[in-house]
Amino acid sequence: MKSAFERDTLYTILVKIPTTICVLIYMILLTRLLGPEGNGVYTLIITNIQIASLLLSFGSKSSTTFFSAKKKLPIDKILGLTILFLGIAISLMSLLLLLTHLNIAHLRSVFLPSRYTETFFFVFILFMFLFKNLFRVYHSLFTGLTHFKELNAYHLISHLVQVVVIGGLYFYCQYSEFQCSMSVVFLWILLIEFLNSGIFTFLFFKKIPFRVNYQISIQEDLIPFLKYGIKGYGYNLGEYINKRLDVWLIEIYKGTAVLGQYGLATQVSNFVLELIRPINVVLFPYLTKMEKEKGAVLFCKIFRVYVIFYLFFAASVWLTADKVIPFVFGVAFLDSIFPMKLLVIAVVFAGTRNILSIYNKAYERQRFSLIGTYLGLIATIILGFWWVPLYGIIGAAYVSLVAYGMTALFMFVTLLPHLKQPLYLLFIPQKSDWIWLKMNIQQLMKKNI
């Protein structure tokens, strides 16, 4: 069990290096193509798609991963349940977008800024919602079944596709007289999502036998599946609103151009946050199968890595942002620098919260994650409506810093009695960490030579 976890983790880390470079290049090119105004619109749309995905999935993603990892249901029934919830989500989203487009109950301003309510943008949202939720289905199944080799291959290929397609558009626009409007960029984003969905679908049918069982018992299958998902549903929803309420407030009080500045700050901080996220993906299915004592030892090792990693990157961004941002993204984004510095500090707390949440999910302690998240959400709501109108994107960054800090602190304090490990093991690197890392990298390199 442990060797399998180490192997999958190291493969994931090795693949993460080129994918990280691709993500960075894609983010730079896309931001330059869109500019502050376009980046603000894109940030708002993606935020709304993500919150809709959370609301309409009813926690089915975490249930799919958990039930696949634990083998609590046959895979054909898990596929049946997953397809059922995917169909419900797409149907509800289509209905919601139709009502929004018709402006029933004045819903248009919820999804889009007032100047961008053309039919094209609603179609863009619907297809992006479809592609993102299809990705969630495949990702949760591959994670639960620990098919990390294929999952890592997809991540590498999909990010290469992003760079090639958007890079081609960027250089064509730079060296021709073609006017690259926001709508054109959005069309190319849809093309990327379409291609990547096709790649993931191919890998899915190649690796997982597509046998679907719709003979689902309400008492034995549906209710346990839904019950587990609902446990994490409140946490995920609260976490996301906590993370993205600032986006809505900035758009309301300051407009899309200012939101574009803040959008870049959040994109860079999220980039740092996502660098180590694949370890979360690998860690969860293995922790669910481990006894608590063994799981606690493994968790301490991973937690130490997290703390060192996030502190290092937060310091790096803080020290280099003043020079790097105007050079890479252009002087149009100078106002994003100080909020970005604040947000990378917040990322240290957010990353800590994420790894603590994985432990709580694995050992069915979601109530602690839920309470901590909603403490942070209360702080976000109170401080957000106070500081964002007064201080704009700097106030929003301070709100995130306070909220993430409160959530991480609560989850950490409530974890210690359950973990039953010395406090120093969570923060002080051990000699065995470097030996373990060196040994496994050497073994991995020998297998690939």
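The values are calculated or read from the model by the stated rules, or taken from the named source; none is laboratory data. From a predicted model like this one, the values you see are computed outputs, not experimental measurements. Counting neighbours? That spans all protein chains shown, and the Cβs are built from the backbone with ideal geometry, glycine included.
Tabulated data
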| read-out | value |
| --- | --- |
| Residue in the range 196-209 that is closer than 28 Å to Tyr116 by Cβ and surrounded by 13 or more Cβ atoms within 10 Å (Cβ to Cβ) present | yes |
| All helices (runs of 4 or more DSSP H) inside the range 79-189 with 2 or more residues being of a type in the set (Phe, Trp, Tyr) and over 19 Å from Thr201 (Cβ atoms) | 119-144, 148-174 |
| Only one of Gly376, Gly395 that is without any contact (Cβ under 8 Å) to a residue 24 or more places away in the chain and over 27 Å from Glu293 (Cβ atoms) | Gly395 |
| Of residues in the range 31-47 being buried (at least 19 other Cβ atoms within 10 Å of the Cβ) and within 30 Å of Tyr235 (Cβ to Cβ), the one nearest to the chain's Cα centre (by Cα) | Thr47 |
| Criterion: surrounded by fewer than 20 Cβ atoms within 10 Å (Cβ to Cβ), among the charged types (D, E, K, R), at pLDDT below 85 and under 28 Å from Ile17 (Cβ atoms) - qualifying residue of Glu150, Glu177 | Glu150 |
| Candidates Lys77, Lys72 - the one that is touching an Asp or Glu at 6+ places or on another chain (Cβ under 8 Å) and among the charged types (D, E, K, R) | Lys77 |
| Any hit, the range 284-293, residues being surrounded by fewer than 19 Cβ atoms within 10 Å (Cβ to Cβ), at pLDDT 85 or above and not aliphatic (A, V, I, L, M) | no |
| Extreme residue, surrounded by the most Cβ atoms within 10 Å (Cβ to Cβ), among residues of the range 218-263 that are of a type in the set (Phe, Trp, Tyr) and under 24 Å from Leu56 (Cα atoms) | Phe225 |
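Residue by residue, here is whether (1) under 23 Å from Ile230 (Cα atoms); (2) among the hydroxyl-bearing types (Ser, Thr, Tyr); (3) more than 18 Å from the chain's Cα centre (by Cα) holds:
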residue: Ala321; (1), (2), (3): no, no, yes
residue: Ile355; (1), (2), (3): yes, no, no
residue: Tyr359; (1), (2), (3): yes, yes, no
residue: Ile371; (1), (2), (3): yes, no, yes
residue: Gly395; (1), (2), (3): no, no, yes
residue: Val399; (1), (2), (3): no, no, yes
